[in-house]
1. Considering each of 213, 188 in turn, give the residue that is surrounded by fewer than 19 Cβ atoms within 10 Å (Cβ to Cβ) and over 20 Å from residue 80 (Cβ atoms).
2. Going by the conditions given, is residue 304 under 17 Å from residue 270 (Cα atoms), within 21 Å of the chain's Cα centre (by Cα) and surrounded by fewer than 21 Cβ atoms within 10 Å (Cβ to Cβ)?
3. Checking the condition over 30 Å from residue 215 (Cα atoms) and not assigned by TED's automatic domain parsing to the domain that holds residue 263, which residue from 133, 99 passes?
4. Mind checking which helices (runs of 4 or more DSSP H) fall wholly inside the range 149-232 and carry at least 3 residues that are farther than 24 Å from residue 268 by Cβ?
5. Over 20 Å from the mean Cα position of the chain (by Cα), in contact (Cβ under 8 Å) with a residue 40 or more places away in the chain and within 27 Å of residue 234 (Cβ to Cβ), is that true of residue 204?
6. Can you name every one of the helices (runs of 4 or more DSSP H) wholly within the range 284-395 that holds 2 or more residues which are touching a strand residue (DSSP E or B) at 6+ places or on another chain (Cβ under 8 Å) and touching a residue at least 24 places away in the same chain (Cβ under 8 Å)?
7. Of the numbered conditions (1) in contact with a strand residue (DSSP E or B) (Cβ under 7 Å, 6 or more places away or on another chain); (2) surrounded by 20 or more Cβ atoms within 10 Å (Cβ to Cβ); (3) more than 23 Å from residue 373 (Cβ to Cβ), residue 204 fails exactly one; give the number of that condition.
């Protein structure tokens, strides 16, 4: 884990996080029989569909996914959930805007018409349970009914039901955990670290959309929750308060049970180390060993972070592999889940392009980062790297 900071001095680094072994949840034993059932349904359905069977199976999967999204959105208020962002399509980020105060991202591949991000704002276990059960019951009924008419199409709907049910079965807020763990014992207490207060929810919406100043205004004073701390350390990193970001990330990692929160803490910590060195806040020999240790922990426990953030690209830059870093950063910018993550990846891409001698393109990419998340401290730091005469102020 990441131990708590032992000194309050702004230039004192916390110890590097220790590696933590992942454990396989017992519920994942269900994956084998369920996958076998899904494969049987898919093969039988595709065969019954003739030459267009595989295409019909794929269409059923897409329609099943969209049905799940729309049903979850329809029952979100009953379940105590709030909509914070939306996307149209899948794959590479094409552009974004704000709709009803929320981030709306347009992506390259129009396979998935509409996706949403819902966050818990009221922890009412039976409402949450009935919402999840209701969504899956409707989806299962649609899958069975469709299977009797068009087996390939119905198998696609069935795939989605199985995928939702078996996705991260031991994780709080997952469908399996909500249905089979939440009603028993003291599991309800685990909802606490998933619950967003009104202020944290408002700040999160603004951060996702790249509105850093608005996020700071919305966040307010600490309410003592992990969600406040997670938003606060992300905001601190965005504003260039690297020591505070690292310190809060340490506390978040130590206090949290949820893998999502731990992953966020690791990402912020690593980002703070890298940005702090680039801004001259810490010397390379002080912070880069911490960065390397954190990256190893991420590989061991949260490897998905390397796909949706620019941390792998930063590591490639440190190894003096600018061509690989440029490609990794471009991929991270394309797959970014929110505006701040995209802007950070664009900044890293600009540095890599500058190392490759493509200064004009680097400035163009950096300008795009500034438009995506105005006020992001990393933009100023990278601007100084591209133009050493620029002045950067961080804390």
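1. Values: 188 fails: over 20 Å from residue 80 (Cβ atoms).
Just one listed residue meets the conditions, 213.
2. On the way: under 17 Å from residue 270 (Cα atoms): yes; within 21 Å of the chain's Cα centre (by Cα): yes; surrounded by fewer than 21 Cβ atoms within 10 Å (Cβ to Cβ): yes.
Yes, satisfied.
3. Working: 99 fails: over 30 Å from residue 215 (Cα atoms).
None of the others qualify; the one that does is 133.
4. Answer list for the range 149-232: 151-166, 175-180.
5. Numbers: over 20 Å from the mean Cα position of the chain (by Cα): no; in contact (Cβ under 8 Å) with a residue 40 or more places away in the chain: yes; within 27 Å of residue 234 (Cβ to Cβ): yes.
No.
6. Values: elements: 284-301, 305-308, 311-318, 322-335, 339-355, 359-372, 377-386.
In the range 284-395, 322-335, 339-355 are the helices (runs of 4 or more DSSP H) which contain 2 or more residues that are touching a strand residue (DSSP E or B) at 6+ places or on another chain (Cβ under 8 Å) and touching a residue at least 24 places away in the same chain (Cβ under 8 Å).
7. (3)
Yes/no per residue for (1) out of contact with any strand residue (DSSP E or B) (no Cβ under 6 Å at 6 or more places or on another chain); (2) more than 19 Å from residue 162 (Cα to Cα); (3) loosely packed, with under 15 Cβ neighbours inside 10 Å:
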| site | (1), (2), (3) |
| --- | --- |
| 56 | yes, no, no |
| 71 | yes, no, no |
| 75 | yes, yes, no |
| 109 | no, yes, yes |
| 112 | no, no, no |
| 119 | no, yes, no |
| 143 | yes, no, no |
| 146 | yes, no, no |
| 149 | yes, yes, yes |
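The values are calculated or read from the model by the stated rules, or taken from the named source; none is laboratory data. It should be emphasised that the depicted structure is a prediction, and the values quoted were computed from it without experimental measurement. Because the Cβ atoms are built from the backbone with ideal geometry, glycine has one as well, and the counts that use them run over all protein chains shown.
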